[in-house]
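What follows is a short report on a single structure.
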Amino acid sequence: MTHIIIVGGGLTGLFASIVAADRGAKVTTVFKGRGGLSLSHGCIDVLDRSSPSRSITLLPDHHPYQLTGKANLKDAISKFRDLMLHAEYPFSGKLSKSMSFLTALGSVKRTSFTPPGIARGDLNSGKSIVLGHFSGFRDFYPWMIQKRSTKAGVRIAKVIDLPLLEPPDRRDAYSTDYALLFEDSEWREEIIRMWRPLLPGVRRLGLPAVLGVRNHCEIHEEIEDSLGIEIFEIPTLPPSVPGLRIERILLRQAQALGVKIIEGVGVIGRIDGRSRGKRVAGVVLHSTGRTIQLDADVVLLATGGMLNGGLVAQQDHRIRESVFDLPVLHPANRSDWVGLSLFHRQAYASAGIFVNSRMQPLGLDEKPMFKNLYAAGGLLAGSDRSLEGSRQGIDLATAYCAVNEALG
């Protein structure tokens, strides 16, 4: 049985763990901190184009989508949707056509695959929109959304104040607090009773994405049926409940498949000296007061980019890959790492390690550095995932491709 160590606990690492375990591998997943799912909107962005599948063919040869090929992307998304469906959290959408929805900042965002609560908010439907306001909720500002969305060509009919029973006291309430409260059937029943007389004539209501964590679909359906209106969720500022729903599902599925998960440790790569430097031997885990050495047949890096710790900016103006110190190509002048404004292309966002079509990291000679080392997700060079709107699609496609290449 092949033992694969996956470094990273975000979407890329957790998805890769499940794919590898499904293939019969012995899987150990290690990571220092939480991945980026709690910061994400909980959808699957493939490419910020009206037709992502057609636009992918126009990307440069070194782009991760071109390296993996469209077949891996399709298979990865199909696998992800099967996992979500099994957990009763189904995703809808198409690679051939994007959906548009409102963000918590009032802008319009395109995405390819969404869970039920967010899918109801597809702006392409043309249905009238009313927003709900939760008094005291610090991370959702419907009047700002209404004002800014008008500039984007989206009309919001009105904003309605919706009362809530008292949230936790002595501190600000976050989206996760309300999501847990909505899991309580008695609390939910009282909320429905309070809201019903406030919504005459409303046909589609937008709410912050807080309608439960564990039983979202059941809660969403119950509230819709009880009020007799269509309800959609708008992902809030972090922590993002839709992202946490995905994280929870992937963790549970990985554990059910026997994946060993080690959290809260620093990770340093080990080279196999017996192979004359052609193979990696595993990793060393660092935690308070001790180190643990893990051997593996394969190591897959899913550590993310600059914002996730996979790439580290140093005082010597160098960007360093954090586990094996792999070569990272980036502008030599640190002032060139960022664009003129937030809305320009950022050079640091495209920094990363280069890989071949098997997802093996390449050295400066453009040859694989190690036979049994692979990389996926935000660690890869060749794309600005935020600017492109390709973050989750690249995560899934490269993780799927890397695992299948590693296990043969």
message = So, Val159, is that one assigned by TED's automatic domain parsing to the domain that holds Leu198, part of a loop (DSSP other than H, G, I, E, B), touching a residue at least 24 places away in the same chain (Cβ under 8 Å) and closer than 30 Å to Asn124 by Cβ or not?
response = no
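Take the residues of region 193-207 that are within 32 Å of the chain's Cα centre (by Cα) and surrounded by 14 or more Cβ atoms within 10 Å (Cβ to Cβ): which is farthest from Lys127 (Cα to Cα)?
At the first step, the residues of region 193-207 found to be within 32 Å of the chain's Cα centre (by Cα) are 203-207.
Within this subset, residues satisfying the condition of being surrounded by 14 or more Cβ atoms within 10 Å (Cβ to Cβ) are 204-207.
Values: Arg204: 7, Leu205: 10, Gly206: 12, Leu207: 15 Å.
My answer is Leu207.
Kindly check whether there is at least one residue in region 372-390 that is touching a Cys at 6+ places or on another chain (Cβ under 8 Å), farther than 14 Å from Leu67 by Cα and modelled with pLDDT of 90 or more. Walk me through it before giving the result.
Going residue by residue through region 372-390, those that are touching a Cys at 6+ places or on another chain (Cβ under 8 Å) are 376.
Imposing the further condition that a residue be farther than 14 Å from Leu67 by Cα reduces the set to none.
So far as region 372-390 goes, no, none of its residues is touching a Cys at 6+ places or on another chain (Cβ under 8 Å), farther than 14 Å from Leu67 by Cα and modelled with pLDDT of 90 or more.
Restricted to region 45-86, and to residues that are of a type in the set (S, T, N, Q) and not in a helix (DSSP H, G or I), which residue is surrounded by the fewest Cβ atoms within 10 Å (Cβ to Cβ)? Even if it seems obvious, please write down each step before you answer.
Taking region 45-86 and keeping what is of a type in the set (S, T, N, Q), we get 50-51, 53, 55, 57, 66, 68, 72, 78.
So of that shortlist, the ones also not in a helix (DSSP H, G or I) come out as 50-51, 57.
Working: Ser50: 12, Ser51: 13, Thr57: 9.
Result: Thr57.
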query = Does region 28-36 include one or more residues that are touching a residue at least 24 places away in the same chain (Cβ under 8 Å), crowded, with 24+ Cβ neighbours inside 10 Å, closer than 14 Å to Gln253 by Cβ and not assigned by TED's automatic domain parsing to the domain that holds Ala152?
reply = yes
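For residues that are closer than 14 Å to Val280 by Cα and either of a type in the set (A, V, I, L, M, F, W, C) or outside any loop (DSSP other than H, G, I, E, B) (or both), tally how many sit in region 363-374.
So the count comes out to 5.
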request  = Would you check which residues across region 214-254 are under 17 Å from Gly35 (Cα atoms), assigned to a helix (DSSP H, G or I) and either of a type outside the set (Lys, Arg) or without any contact (Cβ under 8 Å) to a residue 12 or more places away in the chain (or both) and list them?
outcome  = Val241, Pro242, Gly243, Leu244, Ile246, Glu247, Ile249, Leu250, Leu251, Gln253, Ala254
inquiry  = With the requirement that a residue be under 18 Å from Lys70 (Cβ atoms) and surrounded by 21 or more Cβ atoms within 10 Å (Cβ to Cβ), what does region 94-110 give you?
reply    = Ser98
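Could you say whether any residue in region 292-304 is surrounded by fewer than 17 Cβ atoms within 10 Å (Cβ to Cβ), assigned by TED's automatic domain parsing to the domain that holds Ala16, closer than 23 Å to Asp365 by Cβ and acidic (Asp, Glu)? Full working, then the answer.
The initial filter retains those residues of region 292-304 that are surrounded by fewer than 17 Cβ atoms within 10 Å (Cβ to Cβ), namely 292-293, 295.
Adding the requirement that they be assigned by TED's automatic domain parsing to the domain that holds Ala16 leaves 292-293, 295.
This time we only want the ones that are closer than 23 Å to Asp365 by Cβ, so: none.
The answer is no; no qualifying residue exists.
The values are calculated or read from the model by the stated rules, or taken from the named source; none is laboratory data. Quantities reported herein were computed from a predicted structural model and do not represent experimental measurements. Quick reminder, even Gly has a Cβ in these numbers, built from the backbone with ideal geometry, and neighbours come from all protein chains shown.
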